[in-house]
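Only the coordinates and a few stated rules stand behind these numbers; no lab work does. Being a predicted model, the structure only gives us computed values, none of them experimental.
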Amino acid sequence: MPKLARIFLFAAAAALNSACAVVTVADAAVSVVATTVKVGATVVGTTVDVAAAGINAVVSDDDEDDSGKQKE
C-alpha cells in the first residue's frame, strides 16, 4: 500500500473515532442536564406539597366539631 494511502486511511479512521467521541460526550451532557432538571422539578414539587400541607394545617376549616357533625 502506498504511503499516502496509509496516511489517508489513518486520518480517516482518526476522524471517525473522534466524531464518535464527540457524540458520546454530547449524549452524556444531555443526560446529565435532563437528570438535573428532573431532580430539580421533584424537589420543587415536594417543597410545594409540604408548604401546602403546612398552610392547610395552620388555616384549618373549623366547620366540624369533635363529634363529626357540621355546625349550623
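Couple of notes before you dig in:
- For the pair Val50 and Ala5 in one chain, pulling the backbone fully straight at 0.36 nm per residue adds 9.4 nm over the alpha carbon distance.
- Rounded to whole Hz, the Karplus (6.51, -1.76, 1.60) HN-Hα couplings of segment 30-47, x for glycine and proline: 5, 5, 5, 5, 5, 5, 4, 5, 5, 5, x, 5, 5, 5, 5, x, 5, 4
- Here the Karplus relation 6.51 cos²θ - 1.76 cosθ + 1.60, evaluated at θ = phi - 60°, turns the backbone of segment 3-14 into coupling constants of 4, 5, 5, 5, 5, 4, 4, 5, 5, 5, 5, 5 Hz, with x for every Gly and Pro.
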